Amino acid sequence: MKLAIMGGTFNPIHIGHLVCAEEAVSEYGFDEILFMPAGWPPHKEVQGGVTSEYRYQMTALAVEDNPRFRVSRYELDRPAPSYTVDTVRHFVSMSPDAQIYFITGSDAILEILDWKDPKELLEMATLIAASRPGYPLDRFAEQMELIRQGRVLVLEIPAIGVSSTMIRERVAKNRSVRYLVPEAVRGFIEEKGLYRSP
Ligand code: ATP
Ligand code: MG
């Protein structure tokens with residue numbers, strides 16, 4: 001069993017996240033990609049009309065037609081924001097025979113290692129850094145060193161210059177987000193009136 005976790009805020013999930021996960025499946029043959037929406041601190045439970053529950057529901061809608069994609073409530077249901085290392089430890093103990101990977105974009109790779117117990121995280125999981133326009137991996141020597149050591153694998157994916165920030169801004173300005181997010185997610189944003197005010 002080869003399992004990859006893809007963490008994120010997913011506020012909202014967009015095609016950049018999905019292409020990244022699909023490319024990881026086709027390159028590394030994962031049995032499952034677990035999308036892991038991050039918890040928010042309790043006082044931030046609602047941001048601009050968006051709850052954690054909505055982020056979860058949009059992620060679930062986005063992955064429902066892909067048998068290898070699943071969404072997890074693990075971090076959302078915890079009282080405080082989780083450290084990646086704690087989440088990975090949980091899934092390692094749940095599936096001791098699985099090989100566990102953690103996928104991030106090239107903008108976020110050092111963020112997860114900067115936090116807590118980077119050494120333990122690297123021992124439990126292989127990190128995958130997916131290329132993202134505007135964030136070359138060679139801008140930090142630290143990243144290049146991890147790649148050289150084989151602790152971070154680089155995944156070149158088709159460049160998708162889309163971010164959740166861009167989606168929120170476009171909705172606020174009444175610009176279309178069709179084709180930038182899955183159609184079901186677009187419908188959900190519209191139905192719930194999310195992101196209308198910046
Ligand atoms: P925001 O603008 O709110 O930060 P985002 O688009 O960066 O949103 P996140 O939820 O922060 O989305 O990202 C989750 C993960 O997906 C991160 O590891 C991020 O690097 C990666 N990712 C997001 N968009 C892309 C993209 N277009 N190409 C490659 N990786 C991406
Ligand atoms: Mg981001």
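Coordinate-derived values only; no laboratory data. Quick caveat, the model's predicted, so the values are computed rather than measured. Quick reminder, even Gly has a Cβ in these numbers, built from the backbone with ideal geometry, and neighbours come from all protein chains shown.
Centre-to-centre separation between the Cα atoms of segment 126-184 and those of segment 27-62: 17 Å. Charge dipole of the chain (Cα centre as origin; +1 on each Lys and Arg Cβ, -1 on each Asp and Glu Cβ, all else neutral): 660 debye, rounded to the nearest 20.
State the percent of C-alpha pairs, over all pairs in segment 44-98, separated by a distance greater than 15 angstrom. When all Cα pairs of segment 44-98 are counted, 60 percent exceed 15 Å.
In the chain, the calculated helix contribution to ellipticity at 222 nm averages -11500 deg cm²/dmol per residue, counting -39,500 (n - 2.57) for every DSSP H run with n ≥ 4.
Counting other Cβ atoms within 10 Å as a rough exposure proxy, the listed residues H43, H14, H90 run H43, H90, H14 from fewest neighbours to most.
In summary, the convex hull built on the alpha carbon positions of the chain has an orientation-averaged projected area of 10.9 nm².
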